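Take a look at the structure below.
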Amino acid sequence: MRLLGIERPSSADVMTLGNAACGAAAVLVVMSYAGRPVHELTHSGVRLVVILLMVGTIFDVLDGRFARRSGGSRLGPVLDSLADALSFGLAPAALLAEVAISGASRAGHVAVFAGFVLYVCGALLRLADFSSCRQGDTRFTGLPSPLAAVMLLSLALLTANTAVIAVGMGVVGLMMISRLSYPLQRGPVVGMAVVGWVFGFAGTLGVYDVRIFAVFVLLLVGLVMPLMPRLRPHFRHAT
């Protein structure tokens with residue numbers, strides 16, 4: 001059934017659009033800080049972007065639940081990838097780039113641009129590979145884009161150093177298209193994600209020093225999780 005000349009969106013698609021709206025709002029927040037002192041962005045802007053993208057992850061989870069319940073629509077797979085590209089690709093990379101280029105030298109600008117491009121392209125390739133080649137695949141190879149965004153947001157909470165951010169964006173971008181194995185997002189991993197979301201949200205709101213959690217996240221996602229499929233036999237992984 002058509003609605004205004006397009007395929008009628010399902011309830012799952014509405015959730016996906018919620019994710020996209022959070023990503024778009026996050027980009028708008030970053031743009032609003034352009035030209036302003038970097039301490040203003042790192043003090044309040046970063047936390048607002050983190051909150052928006054954390055809300056986006058809720059919509060990202062809900063769209064899958066709704067799709068399994070209602071069957072979804074033909075728009076679903078493409079729309080989901082586009083929303084993820086915005087929320088977990090462009091938005092966190094734009095935030096890091098805006099933080100890093102303030103006061104940077106010409107070489108610093110080039111480095112940030114290179115890291116930005118590597119991250120965004122890595123996210124696009126990761127999402128395109130998953131949607132076109134791995135639908136229904138029970139194995140996960142490469143850093144999932146939501147976790148990549150979490151790593152970048154954690155980095156934004158920790159530092160405004162141009163070199164660190166440029167290298168960080170590039171490395172995380174390459175991790176998304178690497179052969180690193182990550183545990184399936186089910187069972188104990190889902191429980192870890194829920195607990196992490198709660199602690200992350202509390203820290204972002206100022207309940208405790210969120211930088212402690214940011215360091216923990218970088219270590220967990222960057223070092224511990226890739227080892228899980230090897231250390232725990234019940235985590236199946238790609239070979």
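The numbers here are math on the coordinates, done by the rules we state, and not lab data. Keep in mind that what you see is a predicted model, and the values were worked out from it rather than measured. For neighbour counting, all protein chains shown are included, and Cβ atoms are generated from backbone atoms with ideal geometry for every residue, glycine included.
In what order do ILE212, ILE165, ILE51 fall by count of nearby beta-carbon atoms within 10 Å, going from fewest to most? Walk me through the numbers before you get to the answer.
Values: ILE212 12, ILE165 27, ILE51 17.
By the 10 Å Cβ count, ascending: ILE212, ILE51, ILE165.
Taking the Cβ of each residue in PHE201, PHE213 as the centre, tally the other Cβ atoms inside 10 Å and list the residues starting with the fewest. Kindly include the intermediate steps, with their values, before the conclusion.
On the way: PHE201 16, PHE213 19.
Result, fewest neighbours first: PHE201, PHE213.
Within the stretch 79-104, which residues have the backbone N less than 18 Å from the label spot 7 Å out from LEU28 along Cα→beta-carbon, could you tell me?
Answer for this model: 83-84, 86-88, 90-92, 94-95.
Taking Cα atoms of the stretch 2-231, Rg/Rh with Kirkwood Rh, to two decimals? Please report the intermediate quantities before stating the final value.
Values: Rg = 17.3 Å, Rh = 18.0 Å.
Reported Rg/Rh, Kirkwood definition of Rh: 0.96.
Please rank PHE113, PHE59, fewest neighbouring Cβ atoms within 10 Å first, as an exposure proxy. Let's see the in-between values first.
Values: PHE113 15, PHE59 21.
By the 10 Å Cβ count, ascending, the order reads PHE113, PHE59.
Pull out a ≥ b ≥ c, the square roots of the eigenvalues of the alpha-carbon gyration tensor of the stretch 41-137, then state rounded if a/c is under 1.5, prolate if not and a/b is larger than b/c, and oblate in the remaining case.
Values: a/c = 4.39, a/b = 1.78, b/c = 2.46.
It comes out oblate by the Cα gyration axes.
Rounded to the nearest 500, what is the 222 nm mean residue ellipticity of the chain from helices alone, with -39500 (n - 2.57) per DSSP H run of 4+ residues and division by all residues? Walk me through the numbers on the way to the answer.
Numbers: 10 runs with 158 residues, N = 239.
Calculated at 222 nm, the ellipticity per residue is -22000 deg cm²/dmol.
Projected onto the charge dipole of the stretch 2-231 (+1 at Lys/Arg Cβ, -1 at Asp/Glu Cβ, origin at the Cα centre), which of LEU180, ALA20, ALA202 gives the Cα projection farthest towards the positive end?
LEU180
So, in nm, how far is label SER44 from label LEU125 when the simple model puts each one 7 Å beyond its Cα toward the Cβ?
4.0
May I ask you to order 171-184, 81-94, 15-28 by the average number of other C-beta atoms within 10 Å around their residues, highest value first?
Sorting 171-184, 81-94, 15-28 by mean packing, highest first, produces 81-94, 15-28, 171-184.
Read phi for every residue in the stretch 152-157 and hand back ³J(HN,Hα) as whole Hz from Karplus 6.51 cos²θ - 1.76 cosθ + 1.60, θ = phi - 60°, with x for Gly and Pro.
Using θ = phi - 60°, the values come out as 5, 5, 5, 5, 5, 6 Hz.
Over what distance in Å are the Cα centres of the stretch 26-81 and the stretch 144-207 separated?
14
With an 8 Å cut-off on Cα pairs and a minimum separation of 6 or more residues, tell me the relative contact order of the stretch 2-231 in percent.
Details: 315 pairs, mean separation 49.8, N = 230.
Relative contact order, the stretch 2-231: 22 percent.
Grab the Cα-Cα distance for VAL195 and VAL167, subtract it from 0.36 nm times how many residues apart they are, and report the gain in nm with one decimal. Mind dumping the intermediate values first?
Numbers: separation 28, 0.36 × 28 = 10.08 nm, distance 2.88 nm.
Gain on extension, VAL195 to VAL167, equals 7.2 nm.
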